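Presented below is the structure to which this report refers.
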Amino acid sequence: MLKGEYVLLPDVHFPEFTGGHSGYQHIRAVPFCDEGGTVTGGLLLREDVTQQRRSDALFTRALMTTSDGFWLVDGNGAIQACNQAAATMLGLEVSELEGRPITEIETIENTAMVQERIGRIHRTGGDRFVSRHRCGDGRCIDVDVSVSLLPSSDGLMVTFIRDITAQKQM
């Protein structure tokens, strides 16, 4: 480790900073070595990331507790993550949704149409549409779907789904 290569220790917890509060830091270090490989010094950078961790945790809790369904979908159309509301809406467990292709849930668009829509979302950055999804018990619900391409994420799409079956029946 001390041969001149970069060292990163992410999210190191400090039980007490100056001022008495605890928090997290990213620690980056680069040892300086002479020609013989002996460490002669180094550079150490510490960055307080406590507030970022708190913000990330708050954002995650918001996504996981919203009443709207939330999916994180990959470029192939498979659900990579979802919240409990999405699973409940479809009468499934979270574990039954994660990894499932959206084409197994979508009832209006066939596989080719879903892939075309994914391509359009990748080109335009997002889409909003009404569709129908098949629940675990075989019934179908009407849904309002809002999809946004997640920047710098290898094609992941953030998807919010709202059950609008009751409104459509009025």
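Counting only Cβ charges, +1 for Lys and Arg and -1 for Asp and Glu, the dipole size of segment 105-170 around its Cα centre is about 120 debye. When a 1.4 Å probe is rolled over the protein heavy atoms, the share of accessible surface on segment 1-46 that falls to carbon and sulfur comes to 59 percent.
Extents of the chain, taken as max minus min of Cα coordinates on every principal axis and listed largest first, are 75, 39, 27 Å.
Shown here are the Rg and Dmax of the Cα trace of segment 87-170, at 13.1, 41 Å. Kindly express, to the nearest 10 degrees and within the range 0 to 90, the angle between helix 111-124's C-alpha long axis and the longest C-alpha principal axis of the chain. Computed tilt is about 50 degrees.
Give a quick list of trypsin sites (Lys or Arg not before Pro) in segment 48-80 that DSSP marks as loop, anything other than H, G, I, E or B, with at most 12 other Cβ atoms within 10 Å. Sites meeting the loop and neighbour criteria: none at all. The largest accessible area among 24, 6 belongs to the first residue in 6, 24, and the rest follow in falling order (1.4 Å probe, all chains). Take every pair of alpha-carbon atoms less than 8 Å apart whose residues are at least six positions apart; their mean separation over the length of segment 1-107 yields a relative contact order of 16 percent.
Based on Cα contacts under 8 Å between residues 6+ apart, segment 55-94 shows a relative contact order of 32 percent.
Per q in 0.15, 0.24 Å⁻¹, report the Debye log10 I(q)/I(0) for segment 1-65, using one uniform scatterer on each alpha carbon and no solvent. Values returned for q = 0.15, 0.24 Å⁻¹ are -0.62, -0.96. For the chain, the per residue solvent-accessible surface stands at 62 Å², with DNA, RNA and ligands left out and a 1.4 Å probe. With R₀ set to 41 Å, the beta-carbon distance separating residue 146 from residue 12 gives a calculated FRET efficiency near 0.60. Ranked from largest to smallest solvent-accessible area, with a 1.4 Å probe on the protein heavy atoms, 70, 160, 14 come out as 160, 14, 70.
The values are calculated or read from the model by the stated rules, or taken from the named source; none is laboratory data. Note that the structure is predicted; figures quoted are calculated from it, not measured. Neighbour counts run over all protein chains shown; Cβ positions are idealised from the backbone, glycine included. Protein only, heavy atoms only, side chains kept; ligands, DNA and RNA dropped before computing areas. Shrake-Rupley method; radii C 1.70, N 1.55, O 1.52, S 1.80 Å.
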